[in-house]
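Okay, so here's the structure we're looking at.
FYI, it's all coordinate maths here, none of it is from the lab. What you see is a predicted model; the values in this text were computed from it and never measured. Methodologically, a virtual Cβ is constructed for each residue, glycine included, from the backbone with ideal geometry; neighbour enumeration extends over all protein chains shown.
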Amino acid sequence: MQDDLARIAKQWESHGKTDPRWAVLSDNEKRGGLWDDASFYATGRAQIEETLGLVRTAGAFPGRQERALDFGCGVGRLATALAEHFAHVDGVDIAPSMIAEAVAGNRFPDRVEYHVNVRDDLALFPSDCFDVVHSFITLQHIPTPLVLGYVREFVRVAAPGGTIVFQAPHRTHHPGWKHYVDKSFPRLAMAYRKLRYGAATRNDVYAHDAAEIIDALTEAGATIARVHAGREADCPGWLSALYIARKEA
């Protein structure tokens with residue numbers, strides 16, 4: 001697992017040093033540092049409004065709105081949006097360069113705090129401290145054994161009665177030619193990425209079995225409120241699910 005974490009950290013550290021906003025939200029028209037503040041953060045507000053709306057519909061909105069966690073926060077796009085709904089937000093990411101960018105652009109320095117975490121757990125936080133634990137377009141880049149460990153940690157750090165909401169891919173429509181080239185001709189794939197994007201690093205995408213994720217949640221002490229399956233992930237050709245759960249009081 002440590003090898004996997006080191007590889008993931010290296011990939012995202014590279015992205016954070018080259019084009020961090022595009023790495024977080026890969027609109028090809030915005031590649032090369034073309035995401036402006038207003039447009040970039042507006043996408044975060046829209047995403048969080050949609051997610052919290054689904055949480056409300058599922059009857060899982062937390063009773064308190066004191067503290068939220070954004071796991072895989074990148075440069076703070078969604079943590080910033082969460083700060084409009086919660087008194088304090090903690091953002092966690094594996095790449096120091098991403099966290100440095102998040103800190104530099106922190107719109108709410110008195111209420112949003114960013115942390116580097118290159119561990120297979122969330123030991124930097126005590127148990128029972130977050131009213132909402134949130135993660136979006138992050139777990140898709142992490143192998144399943146690590147993901148299941150993080151899911152259990154989401155439940156541990158959630159407050160009793162708190163909400164856990166996260167997205168994760170569960171299957172692919174079809175591999176596609178890029179997937180085939182990545183797996184069959186890795187050197188060619190790296191050369192293509194360097195020519196087109198200026199970087200040879202790639203972001204692997206992993207499908208996670210829904211039954212395994214649900215088992216991890218329930219075994220850790222959460223109750224499933226709703227699973228929205230079949231939602232498009234931020235990776236062409238992949239389908240993801242949005243998991244909404246409540247930690248037992």
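Here are a few things to note about the model shown:
- Stretched out straight at 0.36 nm per residue, the stretch from residue 39 to residue 1 would grow longer than its current Cα-Cα span by 10.0 nm.
- Neighbours of residue 129 by Cβ distance under 10 Å: Lys/Arg scored +1, Asp/Glu scored -1, total -2.
- Each other residue within a Cβ distance under 9 Å of residue 68 adds +1 if Lys or Arg and -1 if Asp or Glu, for a net charge of -3.
- nm² value of the averaged projected area, convex hull over the Cα atoms of the range 90-145: 4.8
- The alpha-carbon positions of the range 55-158 define a convex hull whose volume is 101 Å³ per residue.
- Scattering from the range 1-124 was approximated by placing one identical point on each alpha carbon and applying the Debye formula without solvent; log10 I(q)/I(0) at 0.10, 0.17, 0.23 1/Å stands at -0.32, -0.90, -1.34.
- For the range 64-181, the relative contact order works out to 25 percent when only alpha carbon pairs closer than 8 Å and six or more residues apart are counted.
- Protection-proxy order for peptides 130-139, 157-166, 47-56, each taking the mean of Cβ atoms within 10 Å per residue, highest first: 130-139, 157-166, 47-56
- The Cβ shell under 9 Å around residue 90 holds other residues with a net charge of -1, Lys and Arg each +1, Asp and Glu each -1.
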